[in-house]
1. Considering the zone a paramagnetic label at Leu403 would reach in this model (a point 7 Å from Cα along the Cα-to-Cβ line), which residues of segment 76-104 have amide N under 17 Å from it?
2. In what order do Val334, Val290, Val118 fall by count of nearby beta-carbon atoms within 10 Å, going from fewest to most?
3. Mind checking Rg over Rh on segment 1-115, alpha carbons, Kirkwood formula for Rh?
4. Find which of Trp17, Ile331, His263 sits farthest along the positive direction of the dipole of the chain, computed with +1 on the beta-carbon of Lys and Arg, -1 on that of Asp and Glu, about the Cα centre.
5. Hey, fewest Cβ within 10 Å first, where do Ser240, Ser164, Ser273, Ser206 land in order?
6. For a footprinting-style exposure proxy, rank His93, His358 by other Cβ within 10 Å, fewest first.
7. Magnitude of the Cβ-charge dipole of the chain, K/R +1 and D/E -1, about the Cα centre, nearest 20 debye?
8. With the cut-off at 19 Å, tell me which of the pairs Lys79/Lys166; Lys87/Lys379; Lys166/Lys253; Lys173/Lys319; Lys79/Lys281 have Cα atoms farther apart than that.
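Readers should treat all values here as calculations from the given coordinates under stated rules, not as data from a laboratory. The structure presented is a predicted model; accordingly, all values stated were derived computationally and were not measured. Cβ placement follows ideal geometry from the backbone for every residue including glycine, while neighbour counts extend to all protein chains displayed.
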Amino acid sequence: MSVKESYELAKKQYEKWGINVEEVLDQLKQVPISIHCWQGDDVGGFEVNKGELSGGIDVTGNYPGKARTPEELRSDLEKALSLIPGKHRVNLHAIYAETNGEVVERDQLEPKHFENWVDWAKEHGLGLDFNPTLFSHDKAADGLTLSHPNPEIREFWINHCIASRKIAEYFGKELGTPTLTNIWIPDGYKDVPSDRLTPRVRLKESLDKIFEAKIDEQYNIDAVESKLFGIGSESYVVGSHEFYLGYALKNNKLCLLDTGHYHPTEMVSNKISSMLLYSEKLALHVSRPVRWDSDHVVTLDDELKEISLEIVRNDALDKVMIGLDFFDASINRVAAWTIGTRNMIKSLLNAMLVPNEHLKQLQEEGNFTERLALIEEFKTYPFGAIWDYYCEQMGVPVKEAWLEDVKKYEKDVLSQR
Ligand code: RNT
Ligand code: ZN
């Protein structure tokens, strides 16, 4: 049976429930996923005086073929993008600047250091998102940046964040789609603090200074990302969830929720509806924590499906900015992007192919038997046939066929590095 024939049969089953599959696929096409560039080189970046990865995050594995130059990284991204249905975005970090062999301090970065990325994004019809990099640097060696007791260190990072927002503004202007600039800092303490407040007061002041710099919101949207703990900041993180939730609401910034940044049984899916009641928009770093914030490649697991259900059934596709954040160096990195991003899109499709209105109604009526029965039955509806057809329509490989492309790319390109 052809992909199309399977699709037609599957479609009928969804239509019985009033789901317009063609409309669903049209809608799915419009949803951009922000693909993080840092999966391609283990969060390395291209700084001339590049040091070790720090900030309490870690990449394990030694799979050959990691991108060593901006050209290699872009080529790898292009390969992955050719295997992922839809038009998406690429998420950059400040350490991916191109400075022509010149040492440029992070507080001195300018739009011109990202011209190649912008040209490339234009060529491929991609939006760009951005992050200042407040780790892997001498001035972050104490594990403190924007909350550091030393005002000079704080100043340096404040200026880096302002420079980053200007770069993002330039992206947004050039590409005609606003850039999300996300601030994440590693600040925290390994051991029990004797003062939790003072670093938070300083972080708040630093953020105020960063956002004082006027940047056109038409081109740049600011987000702040909280965290629960990091390696070396197990006992205390300055930028906790409550810290940023309060800051974002009061200052009209976006909260960015990373799915690896909460207690193991605390689910981001359960936060979306609450947060959207008080904030117009929300950003996500979809990741997969395995026992800790391990940043494994996103799989089509229950939590991913639940996140997408929350976005879809609350009509929040244009309110939740979906970005990915994982880094696995133990497998082919192009495959990692492809698997994770395809899964993100699959989960959205899955959520769109559920009779959400009917299920809401059942709950309102107190009919929990039918609610549970239908939720469970829909798990084995022929969603795969719709996904395959979508891939075919979008001109990307169907099912696992993409793996052949990756293998060939590994043989021809990655293994030659
Ligand atoms: C770290 C945060 C942060 C980073 C990236 C590289 O725990 O999740 O988002 O992963 O900025
Ligand atoms: Zn993150």
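1. Only 83-84 pass the distance filter.
2. On the way: Val334 28, Val290 10, Val118 19.
Starting with the residue having the fewest Cβ neighbours, the order is Val290, Val118, Val334.
3. Details: Rg = 20.6 Å, Rh = 17.7 Å.
Radius of gyration over Kirkwood radius for segment 1-115 works out to 1.17.
4. Trp17
5. On the way: Ser240 18, Ser164 29, Ser273 13, Ser206 23.
Taking fewest neighbouring Cβ atoms as first place, the list is Ser273, Ser240, Ser206, Ser164.
6. Working: His93 23, His358 15.
Ascending Cβ contact count within 10 Å gives the list His358, His93.
7. 140 debye
8. Values: Lys79/Lys166 29 Å; Lys87/Lys379 27 Å; Lys166/Lys253 16 Å; Lys173/Lys319 21 Å; Lys79/Lys281 31 Å.
Over 19 Å apart, Cα to Cα: Lys79/Lys166; Lys87/Lys379; Lys173/Lys319; Lys79/Lys281.
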